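Reading through the structure tokens given below for one structure.
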Amino acid sequence: MELREYVHVLRRSWLLVLACVLLGGLLAAATSWRQTKMYAASVTMVVSSSEEAANAASAYQGGLLSQQRVKSYANLVASERVASDVIARLHLAESPAALSARIEAQAVPDTVLLRAVVHDADPQRAKSIADSVGEAFSAAVERIERPAEDEPPSVHVRVWERAKVPTAPISPQPVRNVAIGLFLGVIVGIAAGIGRHRLDTSIGGDSDASVITGAATLGMIGYDSDAGRHPLIVHLSPHSRRAEAFRQLRTNLQFVNIDTGPRSILVTSSVAQEGKSTTVCNLAIALAQGGARVCLVEGDLRRPSFGEYLGIESAAGLTSVLIGAAELDDVLQPWGEGRVGDGRIEILPSGPVPPNPSELLGSRNMAELLEVLDSRFDIVLIDTPPLLPVTDAAVLATRVDGALLVARTGRTRREQLRRAVGALRAVDANLLGTVLTMMPTKGANSHYYGDYEIYAPHPRHLRSRGEAGIPNELSPAIPAQGRVRATSAAGTSSSDGRPADSRPADGGSSDTRVADGRAAKPTAAARKAATRAAVEADSRLGGRRGSRSKPRSAPEPSTQSATSAAAEGTDQVSAEDSPAVEIAAQRQPDEPTAPLAYGTADYPDHPAGR
């Protein structure tokens, strides 16, 4: 591992390191608190020779003899024999071995001084034992160094400084112990983090996925705790970081093959619960917002989920067409009233669950159906089951232009991803790239998402248009707020901003234009011209609904009634001969309109994006 990898591991494992540090400090503090306090008392003895007083030479020889004796006596002070004498003197209720273990002898280097240190839980008893050790050892030396009973000893040991009652314990030392515990916690935490990194076999980021698959990572979708409740993030929260990640995936797909880009794309994963279904749904919405005609095929015939995510009926669908029980046009379901931004989405649900999904997906009828869909749509997205449990995705991968492999960060194992890639290569499928889901939004891998917050629209700009977010036309159940609506005397405006009597009977979408005072079905160019005029009127108003605006120049004829209605605070304007445009936006006075951050194609519900 390189230094950069170690730093990356530490950033990912900082919680583990912190836990080990805290645990080490707590254990050290608890151990110090439970330890018995010990006190130390010391007595100092001096060793002298009887030859020191004769002459200078004898004194020198006697000094050397005393220094040599001090080194030997240091081992005798803590002997059990001396301890037995101390026990007898003080009448202690402990064994000589236990007492000798608490006696420590220290020879002062290059001197004739000998120090005996006694450790005890009672400071007064420590002093008494130390003094007794000095007296008992002096008596023992006299017996050892006496050549005969009637002759004086050649070496004398006398107590030079008696012991004092200690005032503070020498152990435990909480500060030192806690410091040692913290240091050991750091070492253990770093070792545990490196060990976990080496033992972790899950996909940790785009570098892991690229090494295993040999393909580029086309998208990285961040973790969102609300993703389970609101899976269609591009639809419900277009300004979020996850929505921008799907738009980035859309952009990357366009550059996979510039000359002959993939038109039919299979989306699969190695195992279940990796986010492939939500990925394909959000990718379809992002592609449609970019102006593409998208067909979303539910190829997961074993566990279909589009009904839950998209709110569609799946009683008849793909399986019905494959077995000849229904025509394609009868089961295709437009989503979002068939129009999403400049594009549209049509969904082909799974239909009844068959007993032989793999055979149906690999049949000639499926190949012919894909050819028909390719001719009618710009992009065909197919949701399929995981690669490892069943063979459905591998069978269908041979009939499409390319496959996207979805992997969940921190959960998908490297071996699982490697086997999934092997399954695609075994059938000679074209792997376009990988999409990583559940990417961390905090920590070492969060750099991909953090920069987007700088460019996201400010909430003040959203409030200036009277909306909590960009309004959307994708679902009739969601009210459209802050959009340009066309109303006329012939009929009231519907939820999508079009006159009720001007919408075609088949549920398609249409707009109205002003032509000689009559409402008529416009051409595409006329629709865009009317929309631009409405946007210009929106930019000139600048006043809050219900408040008076500043005098402005006269608007164009097609928006005259809309301007006067907004200035007078009315909610709707009707004309007998021509429709009017109502601006439902609510802005602060003289507050500038915020420019779009990513272009109108990415925000289909803004009037300029239609």
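The values are calculated or read from the model by the stated rules, or taken from the named source; none is laboratory data. Keep in mind it's a predicted model, so treat the numbers as computed, not measured. Neighbour counts are summed over all protein chains in view; Cβ atoms, including those assigned to glycine, are modelled from backbone coordinates with ideal geometry.
With a requirement of 2 or more residues that are crowded, with 23+ Cβ neighbours inside 10 Å, assigned by TED's automatic domain parsing to the domain that holds residue 237 and in contact with a Pro (Cβ under 8 Å, 6 or more places away or on another chain), the helices (runs of 4 or more DSSP H) lying completely within the range 276-376 that satisfy it span 276-289.
For residue 125, are the conditions met, namely being of a type outside the set (A, V, I, L, M) and assigned to a helix (DSSP H, G or I)? Explain how you work it out, then say what you get.
Numbers: of a type outside the set (A, V, I, L, M): yes; assigned to a helix (DSSP H, G or I): yes.
When the stated conditions are applied, residue 125 passes them.
Residues checked against (1) surrounded by fewer than 16 Cβ atoms within 10 Å (Cβ to Cβ); (2) modelled with pLDDT under 85; (3) under 19 Å from the mean Cα position of the chain (by Cα):
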| position | (1), (2), (3) |
| --- | --- |
| 189 | no, no, no |
| 213 | no, no, no |
| 225 | yes, yes, yes |
| 230 | yes, yes, yes |
| 236 | no, yes, no |
| 263 | no, no, no |
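Among the residues examined, residue 151 qualifies as charged (D, E, K, R) and over 20 Å from residue 75 (Cα atoms).
Criterion first (touching a Cys at 6+ places or on another chain (Cβ under 8 Å) and either assigned to a strand (DSSP E or B) or among the aromatic types (Phe, Trp, Tyr) (or both)) does residue 380 satisfy it? Considered against the rule, which asks whether it is touching a Cys at 6+ places or on another chain (Cβ under 8 Å) and either assigned to a strand (DSSP E or B) or among the aromatic types (Phe, Trp, Tyr) (or both), residue 380 comes out as yes. With respect to the conditions (1) surrounded by 19 or more Cβ atoms within 10 Å (Cβ to Cβ); (2) outside any strand (DSSP E or B); (3) in contact (Cβ under 8 Å) with a residue 40 or more places away in the chain, residue 152 falls short on a single one, namely (1).
Somewhere in the range 330-344, is a residue among the small types (Gly, Ala, Ser) and free of Cβ contacts under 8 Å to residues at least 40 places away in the same chain? It would help to see each step written out before you state the result.
From the range 330-344, those among the small types (Gly, Ala, Ser) are 336, 338, 341, 343; that's our starting set.
Imposing the further condition that a residue be free of Cβ contacts under 8 Å to residues at least 40 places away in the same chain reduces the set to none.
Checked the range 330-344: no residue is among the small types (Gly, Ala, Ser) and free of Cβ contacts under 8 Å to residues at least 40 places away in the same chain.
Of the set (1) at pLDDT 90 or above; (2) in contact with a strand residue (DSSP E or B) (Cβ under 7 Å, 6 or more places away or on another chain); (3) at positive phi, all apply to residue 324 but (2).
Residues that are among the polar types (S, T, N, Q) and closer than 21 Å to residue 242 by Cα within the range 405-437 comprise 409, 412, 434, 437, listed in sequence order. Taking every residue in the range 80-104 that is hydroxyl-bearing (Ser, Thr, Tyr) and pairing it with any residue that is not in a helix (DSSP H, G or I), at least 6 positions away or on another chain, the pairs with Cβ-Cβ distances below 7 Å are 100/78; 100/79.
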